[in-house]
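Accompanying notes for the structure given below.
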Amino acid sequence: MPTLLMRLRAPMMSWGDHSQFGHRDSRREPTKSAVIGLLCAALGRPRWESVADLAVLKMGVRVNQEGVLLKDYHTVQDNMRDKNKAHTTLSDRFYMADADYLVGLEGDSALLGRLDLALQSPCWQLYLGRKSFIPSRPIRLGVVDLPLGLALSEAAYERRGRKVLPTRLRLVLEAWDGTDVRQDVPLDWLGRRFGRRLVKTDYCDLPEVVCTFPS
């Protein structure tokens with residue numbers, strides 16, 4: 001089956017999957033809910049519409065550069081959580097710094113074609129986990145006629161002026177025989193309901209290297 005490829009690169013990105021108000025975590029690679037939310041923004045699909053067609057797409061991530069997990073310290077003033085008295089709430093918010101990901105979605109070719117066109121001319125602003133975390137490079141890479149694993153392992157690697165290249169890259173692939181459970185499949189945005197999926201971690205050799213300007 002064909003695979004839609006996307007480049008997710010920015011100085012800061014956040015991939016929370018079980019965050020609460022005072023503690024906003026981040027995984028070390030993009031969650032499926034974040035990727036589907038990004039595609040919904042590109043399509044102009046509001047939160048009350050179904051995402052069942054997007055949720056069934058098989059997802060994988062190639063980590064081109066492992067980012068650094070960092071934390072912001074936030075305060076929220078005049079928080080009326082108890083309805084009687086305003087409070088100042090403390091919040092720890094984690095994010096990935098200087099990471100670089102290649103994301104693949106495998107599925108129906110007609111649907112992937114529509115998503116690719118939407119990424120070329122998105123309806124709404126695209127961001128990576130938070131509205132202030134905007135991409136530093138174009139997200140759209142196109143659709144390739146390869147299954148998910150091959151598409152991710154064979155796609156060219158952008159050097160970005162790095163002096164030392166990795167010898168292999170980490171892959172996080174959605175798989176029925178995976179042993180890592182992720183509860184990040186959106187079922188209902190408004191009701192904040194998410195389903196589970198299984199993923200496994202693998203590695204691939206460094207593919208063809210192309211040079212680009214640092215960004």
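The values are calculated or read from the model by the stated rules, or taken from the named source; none is laboratory data. Given the structure is predicted, the values throughout are model-derived calculations rather than measurements. Every residue, glycine as well, gets a Cβ built from its backbone with ideal geometry; the counts of neighbours run over all protein chains shown.
How many residues does the range 185-201 contain that are free of Cβ contacts under 8 Å to residues at least 40 places away in the same chain and crowded, with 16+ Cβ neighbours inside 10 Å?
1
Mind telling me which of the residues R27, R62, R81 ends up being of a type outside the set (G, A, S), modelled with pLDDT under 90 and either in a helix (DSSP H, G or I) or under 13 Å from the mean Cα position of the chain (by Cα) (or both)?
R27
Does the range 170-192 hold any residues that are of a type outside the set (A, V, I, L, M, F, W, C) and assigned to a strand (DSSP E or B), and which are they?
Matches in the range 170-192: R170, E174, D180, R182, Q183, D184, P186, D188.
Working only within the range 202-215, note down all residues that are part of a loop (DSSP other than H, G, I, E, B) and surrounded by 14 or more Cβ atoms within 10 Å (Cβ to Cβ).
Within the range 202-215, P207 is the sole residue that qualifies.
Just to verify a result, which residue in the range 157-179, among those that are within 11 Å of C204 (Cβ to Cβ) and within 22 Å of the chain's Cα centre (by Cα), is modelled with the lowest pLDDT?
Per the stated criteria, the residue is P166.
Looking only at the range 162-175, decide whether some residue is surrounded by 18 or more Cβ atoms within 10 Å (Cβ to Cβ) and acidic (D, E).
Yes, there is a match, as at least one residue in the range 162-175 is surrounded by 18 or more Cβ atoms within 10 Å (Cβ to Cβ) and acidic (D, E).
Quick one: D72 ticks every box in (1) at pLDDT 90 or above; (2) among the acidic types (D, E); (3) more than 18 Å from V172 (Cα to Cα) bar one, so which box is it?
(1)
Out of (1) without any contact (Cβ under 8 Å) to a residue 24 or more places away in the chain; (2) out of contact with any Leu (no Cβ under 9 Å at 6 or more places or on another chain), the odd one out for V210 is which?
(1)
Hey, could you check the range 166-184 for residues that are in contact with a Phe, Trp or Tyr (Cβ under 8 Å, 6 or more places away or on another chain) and either of a type outside the set (D, E) or free of Cβ contacts under 8 Å to residues at least 12 places away in the same chain (or both) and say which is nearest to R47 (Cα to Cα)?
That would be Q183.
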